[in-house]
1. Looking at the stretch 62-81, which of the residues that are surrounded by 15 or more Cβ atoms within 10 Å (Cβ to Cβ), under 16 Å from S12 (Cβ atoms) and not charged (D, E, K, R) is farthest from the chain's Cα centre (by Cα)?
2. Anything in the stretch 58-86 that is of a type in the set (D, E) and outside any loop (DSSP other than H, G, I, E, B)? List them, or say none.
3. Looking at the stretch 35-42, is at least one residue among the hydrophobic types (A, V, I, L, M, F, W, C), at pLDDT 90 or above, assigned to a helix (DSSP H, G or I) and surrounded by fewer than 18 Cβ atoms within 10 Å (Cβ to Cβ)?
4. What pairs come out if I take residues in the stretch 35-56 that are closer than 18 Å to C11 by Cβ and pair them with residues that are part of a helix (DSSP H, G or I) and open to solvent by 30 Å² or more (accessible area, probe 1.4 Å) whose C-beta lies under 6 Å away, six or more apart or interchain?
5. Suppose we filter K16, K59, K10, K31 for residues that are at pLDDT 90 or above, open to solvent by 80 Å² or more (accessible area, probe 1.4 Å) and among the basic types (K, R); which single one remains?
6. Give me the residue from the stretch 19-28 that is of a type in the set (G, A, S) and either part of a helix (DSSP H, G or I) or closer than 16 Å to Q63 by Cβ (or both) and, out of that set, modelled with the highest pLDDT.
7. Report yes if some residue within the stretch 44-57 is under 13 Å from M81 (Cα atoms) and in a helix (DSSP H, G or I); otherwise report no.
Amino acid sequence: DGVAQGRRIKCSLCTKALKKIQALASDNPDKAAVAAAMQKGCRVLRRATGRLCQRLVKKYQDQITNGLQNGDTPRDICTAMGICQS
């Protein structure tokens, strides 16, 4: 089920993926820039990690986009999604 799947995605993977996405999305990302950065960011990661990354961004795309646009840190975004403990 989706919730258990989300919990299996480790906090470290979430923050690593979002750091990569944040770096690719530029300082003032619009929705299209974040979407492109998500695709590119996941492709750079190793195969198994990249698949988890793609699942993560598909499921949480809006939260990731909003978090990056608000200037939240990758850790804050992963915590808000329930993947990292606060």
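1. T79
2. Correct list: D62, D76.
3. yes
4. Pairs that qualify, where the first residue is closer than 18 Å to C11 by Cβ and the partner is part of a helix (DSSP H, G or I) and open to solvent by 30 Å² or more (accessible area, probe 1.4 Å), are G41/K20; G41/L24; C42/Q54.
5. K59
6. Looking at the filtered set, the residue picked out is A23.
7. yes
The values are calculated or read from the model by the stated rules, or taken from the named source; none is laboratory data. Small disclaimer: the values here were computed from a predicted structure and weren't measured. Methodologically, a virtual Cβ is constructed for each residue, glycine included, from the backbone with ideal geometry; neighbour enumeration extends over all protein chains shown. SASA here: full protein model, heavy atoms, side chains in, ligands and nucleic acids out. Shrake-Rupley method; radii C 1.70, N 1.55, O 1.52, S 1.80 Å.
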